[in-house]
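Reviewing the structure listed below.
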Amino acid sequence: MSYGPELDRLAARWADQPTSTCFAPLAEGLRKSGALQEAGAVAVRGVALRPEYLPGHLVLARIY
């Protein structure tokens, strides 16, 4: 599902670079769009891959 050009760009970037920190703004944008399940899945996977990245944990907390 498309949520706009910015989120599509972030999703494509994250697909190309799964260890990138762009998962946090992607998950936050999805959360703000109301796609909580998708946002949670992105945030959980991103935090698992980058546990040292604090903004990812903050986004995940907002989703929960």
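The values are calculated or read from the model by the stated rules, or taken from the named source; none is laboratory data. This one's a predicted model, so the numbers in the text were calculated from it and none came from an experiment. Neighbour counts run over all protein chains shown; Cβ positions are idealised from the backbone, glycine included. Only protein heavy atoms, including side chains, enter the accessible area calculation; ligands, DNA and RNA are left aside. Shrake-Rupley method; radii C 1.70, N 1.55, O 1.52, S 1.80 Å.
Towards the positive end of the charge dipole of the chain, with charges on Cβ (+1 Lys, Arg; -1 Asp, Glu), say which of 12, 58, 25 has the farthest Cα.
58
Taking K and R as +1 and D and E as -1, what net charge do the other residues with C-beta under 13 Å from the C-beta of residue 62 add up to?
Its environment carries a net charge of +1.
Where does each of 64, 53 land when they are ordered by accessible area, with a 1.4 Å probe and the largest first?
64, 53
With an 8 Å cut-off on Cα pairs and a minimum separation of 6 or more residues, tell me the relative contact order of the chain in percent.
Taking the mean separation of contacting Cα pairs over the length of the chain, I get 30 percent.
Run through all the Cα pairs of the chain and give the fraction in each 10 Å bin from 0, expressed as whole percent.
Taking every Cα pair in the chain, the percentages come to 26, 60, 14.
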